[in-house]
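Everything below concerns the one structure shown next.
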Amino acid sequence: MAPEFGGNSGFSRFDGEGHPISADYGPSKERVRLVEDYAKSQGLWFDPMAEPRFTDLIEIDLGEMEVSVAGPQRPQDRISAGATHAALLPMFAQNTRTCEAR
């Protein structure tokens, strides 16, 4: 989990400066080299000079996109921005009745 930026996972880069097992943090040079070799063999090593290879083309019609609202607990309950007022009215009414009953 990575709630500090709203995600549930994150990735550390593997390159000459910032890979997770860096010699600056105490592991032996052999261990650092092992992790580096593994990352390179698995295609995880970042090379800024490498040409990206794209396998799919995704077309998005921006005219069909709409602004929406979703909460962090149930992001699947997305509400279009235009329907927000109508969706929130029943919640406000329920809270008002609860407060008046006290």
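At-a-glance table
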read-out	value
Residue check for Glu51: under 21 Å from Gly16 (Cβ atoms) and part of a helix (DSSP H, G or I)	no
Residues of the range 29-70 classified as under 30 Å from Gly82 (Cα atoms) and modelled with pLDDT of 85 or more, total	12
For Arg78: the one exception among (1) surrounded by 10 or more Cβ atoms within 10 Å (Cβ to Cβ); (2) modelled with pLDDT under 85	(2)
Thr96 being part of a helix (DSSP H, G or I), out of contact with any Gly (no Cβ under 9 Å at 6 or more places or on another chain) and at pLDDT below 80	yes
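The values are calculated or read from the model by the stated rules, or taken from the named source; none is laboratory data. Keep in mind the model is a prediction, meaning the values are calculated, not measured. Cβ coordinates were reconstructed from backbone atoms using ideal geometry, including for glycine residues, and neighbour counts include every protein chain displayed.
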